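Everything on this sheet refers to the single structure shown next.
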Amino acid sequence: WHLRLTAADLVRSSSRTKRLVEPEGVSRWSALSGWCFAHQGFVFACVGAIWVLALYGNALSAPFLYDDIAQIVRNPALASLRLTFHRFLLSPVTFNSQLRGPGGATYRPLYWISLALDRRIWGLDASGFHFTNLLLHWINGVLGFLLLRRLRVATWTATVAALLWLGLPINTEAVAWVSARGYLLCTFFVLLALLAADGYLR
């Protein structure tokens, strides 16, 4: 009993000594950094959202441009999901060049479905379509960070790499131009497939 009491006293006295030696701000900082390290994905998602809004927030007030007019505003096939499925899922969409006449065709059903869903949610409000592009770009950044961490890349390295990728100027067209959403969707499914493959191999 005496030994047990002595051990308990030692624990109490050491904790008191630690509180006296270690400033309160340091202990709070270590607790905060420990929480951030334990929730890396959530912390990066918050930082990435702020970063994307700081870089591309102006796109939310941009109008439809160039191909957006023909593909979204003046496209009757996006007026209802039934018309979208009939027009874009059953056959590829042909495109042509004014110099050569009829050209090839492209089959991108997910692209058209995403535009049809946006039109159903936002109507013809361009800011809603731009918001979807920003959201997809942000999700891709989070998926890229998670993939790097799954590949055992150091936390700070993965964070810097993912933030740099989110801010690459080459991504501006895909984020700020609604008609370039196909690149964002392609990146999303590639990253998702790589994460799924890594999970399967593990």
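Some values worked out for this structure:
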read-out: Some residue of the range 134-141 being touching a Lys or Arg at 6+ places or on another chain (Cβ under 9 Å) and closer than 13 Å to G48 by Cβ; value: yes
read-out: L146 vs. criteria in a helix (DSSP H, G or I), over 30 Å from L81 (Cα atoms) and either open to solvent by less than 50 Å² (accessible area, probe 1.4 Å) or at pLDDT 90 or above (or both); value: yes
read-out: Selection status of A158, among the aliphatic types (A, V, I, L, M), modelled with pLDDT of 85 or more and either more than 20 Å from A59 (Cα to Cα) or within 16 Å of the chain's Cα centre (by Cα) (or both); value: yes
read-out: T187 being assigned to a helix (DSSP H, G or I), surrounded by fewer than 15 Cβ atoms within 10 Å (Cβ to Cβ), β-branched (V, I, T) and free of Cβ contacts under 8 Å to residues at least 60 places away in the same chain; value: no
read-out: Filter result (open to solvent by 80 Å² or more (accessible area, probe 1.4 Å) and within 15 Å of the chain's Cα centre (by Cα)) within the range 166-184; value: Y183
read-out: Those residues of the range 149-165 which are farther than 29 Å from H130 by Cα and either surrounded by fewer than 13 Cβ atoms within 10 Å (Cβ to Cβ) or free of Cβ contacts under 8 Å to residues at least 24 places away in the same chain (or both), in sequence order; value: L151, R152, V153, A154, W156, T157
read-out: In the range 54-93, the residues that are aromatic (F, W, Y) and surrounded by 13 or more Cβ atoms within 10 Å (Cβ to Cβ); value: Y56, F64, F85, F88
read-out: All helices (runs of 4 or more DSSP H) inside the range 7-121 with 3 or more residues being modelled with pLDDT under 80; value: 24-38, 81-88
read-out: Given (1) touching a helix residue (DSSP H, G or I) at 6+ places or on another chain (Cβ under 8 Å); (2) closer than 17 Å to I121 by Cβ; (3) open to solvent by 20 Å² or more (accessible area, probe 1.4 Å), index of the condition W51 fails; value: (2)
read-out: L136 surrounded by fewer than 20 Cβ atoms within 10 Å (Cβ to Cβ), within 26 Å of Q40 (Cβ to Cβ) and out of contact with any strand residue (DSSP E or B) (no Cβ under 9 Å at 6 or more places or on another chain); value: yes
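The values are calculated or read from the model by the stated rules, or taken from the named source; none is laboratory data. Owing to the predicted nature of the structure, the values given are computational and were not obtained by experimental measurement. Cβ atoms come from the backbone with ideal geometry, glycine included; neighbour counts cover every protein chain shown. Surface accessibility is based on the protein's heavy atoms, side chains included, excluding ligands, DNA and RNA. Shrake-Rupley method; radii C 1.70, N 1.55, O 1.52, S 1.80 Å.
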